[in-house]
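Structure first, then comments.
The values are calculated or read from the model by the stated rules, or taken from the named source; none is laboratory data. This is a predicted model, so every value here is computed, not measured. Here the Cβ positions follow ideal geometry from the backbone for every residue, glycine too, while neighbour counts run over all protein chains shown.
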Amino acid sequence: MRWEHLVPSDFERAVRETGLCIVPTGSLERHGEHLPFGCDAIIAHTVACRAAEIEPAVVFPAWYMMQVHEAAAFTGTVNFPAPFALEAFDHLLLSIAANGFTKILVVNGHGGNSHMLDYFAMANMDRELPYTFYQTSSHGQLTEAEAAQIAAVWESDFGGHACEMETSLFMACCPGTTRLELTPAEPVQPLGRFRHLREAGVTGPLWWYADYPENIVGDPRLASEEKGRVVLDVYAEALARAIRAVKADTTAPQLRREFLDRVVAKGRPGI
């Protein structure tokens with residue numbers, strides 16, 4: 001159920017029956033020359049909508065106001081100062097909860113958002129909130145059989161961004177908007193410019209740019225909508241299991257209450 005498509009009576013019933021809102025997050029960033037900037041959020045939103053058809057939940061419109069500072073050097077990137085992005089996200093979730101949702105599941109489609117989401121979740125542990133926060137990726141947790149099913153689809157053995165896999169999945173989510181004629185003439189391999197640091201157990205914020213200065217890795221020339229449809233179906237089933245688990249969960253809300261009570265008893269009320 002898409003939030004923006006619901007009328008009030010259907011919305012209120014969905015809140016009562018599910019108690020769960022899904023928030024797909026992504027970014028606006030370069031994915032080579034062949035994929036649109038909104039790739040990540042479009043994938044997360046599409047998978048979430050498909051999963052919510054299997055296991056009912058309300059899906060919020062794709063949320064782009066996150067972080068993608070690692071792509072700030074590229075055309076099409078939209079960033080926000082960290083305090084503003086965190087505050088806006090906080091207000092978003094509080095507004096969702098104000099509509100009656102007691103659980104919020106963030107479905108993240110952009111790898112760089114994971115750092116922000118982890119910090120947001122940890123920074124709010126000692127704060128009284130009207131909802132329980134959960135997060136997962138666009139594909140949830142795949143079973144061994146599902147992972148094997150997807151692996152059998154690919155012709156290339158490496159990737160990670162704007163590659164055969166992501167390009168195929170996007171083609172299935174948003175047909176007709178990918179420009180395969182603009183893909184690189186050769187597979188994009190890591191440049192290894194941080195290898196000397198990695199070998200010493202050291203990293204830094206430029207690790208991605210050091211390997212992939214055009215924000216693409218792998219061989220998207222091999223992508224197809226047919227491959228993407230296989231992956232989309234598997235991802236939707238896996239995410240539906242995650243939705244089901246969150247809806248059934250009673251432990252996280254109980255532990256949140258227990259933890260907050262101990263925070264208050266210690267004389268440090270949630271901030």
The range 225-258, residues that are under 22 Å from the mean Cα position of the chain (by Cα) and not in a helix (DSSP H, G or I): ASP249
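This table checks each residue for (1) over 28 Å from PRO184 (Cβ atoms); (2) at pLDDT below 95.
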position: HIS34; (1), (2): no, no
position: ASP40; (1), (2): no, no
position: ILE43; (1), (2): no, no
position: ALA48; (1), (2): yes, no
position: ILE54; (1), (2): yes, no
position: ALA62; (1), (2): no, no
position: GLU70; (1), (2): no, yes
position: LEU86; (1), (2): yes, no
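From the list MET122, MET65, MET116, pick out the single residue that is over 11 Å from the mean Cα position of the chain (by Cα) and without any contact (Cβ under 8 Å) to a residue 12 or more places away in the chain.
Numbers: MET65 fails: without any contact (Cβ under 8 Å) to a residue 12 or more places away in the chain; MET116 fails: without any contact (Cβ under 8 Å) to a residue 12 or more places away in the chain.
Checking each option against the conditions leaves just MET122.
Counting only residues that are aromatic (Phe, Trp, Tyr), give me the helices (runs of 4 or more DSSP H) lying completely in the range 1-100 with at least 1 of them.
Numbers: elements: 8-18, 39-54, 82-98.
Of the helices (runs of 4 or more DSSP H) lying wholly inside the range 1-100, those with at least 1 residues that are aromatic (Phe, Trp, Tyr) span 8-18, 82-98.
Regarding the range 95-102, can at least one residue be identified that is under 17 Å from the mean Cα position of the chain (by Cα) and at pLDDT 95 or above? Lay out the reasoning, then the answer.
Initially, the range 95-102 is screened for residues under 17 Å from the mean Cα position of the chain (by Cα), giving none.
No, the range 95-102 contains no residue that is under 17 Å from the mean Cα position of the chain (by Cα) and at pLDDT 95 or above.
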Tally, over the range 36-56, of residues that are acidic (Asp, Glu) and over 13 Å from CYS174 (Cβ atoms): 2
Filtered residues of the range 150-164 (kept if in a loop (DSSP other than H, G, I, E, B), free of Cβ contacts under 8 Å to residues at least 12 places away in the same chain and farther than 19 Å from LEU191 by Cβ): ALA152
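Is it true that some residue in the range 64-81 is closer than 19 Å to ALA236 by Cβ and surrounded by 15 or more Cβ atoms within 10 Å (Cβ to Cβ)?
So the first thing to find is which residues in the range 64-81 are closer than 19 Å to ALA236 by Cβ, and the list is none.
Within the range 64-81, none of the residues are closer than 19 Å to ALA236 by Cβ and surrounded by 15 or more Cβ atoms within 10 Å (Cβ to Cβ).
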Filter result for MET116 (within 19 Å of ALA62 (Cα to Cα), surrounded by 13 or more Cβ atoms within 10 Å (Cβ to Cβ) and in contact with a Gly (Cβ under 6 Å, 6 or more places away or on another chain)): no
Check on ALA88, of a type in the set (Gly, Ala, Ser) and buried (at least 16 other Cβ atoms within 10 Å of the Cβ): no
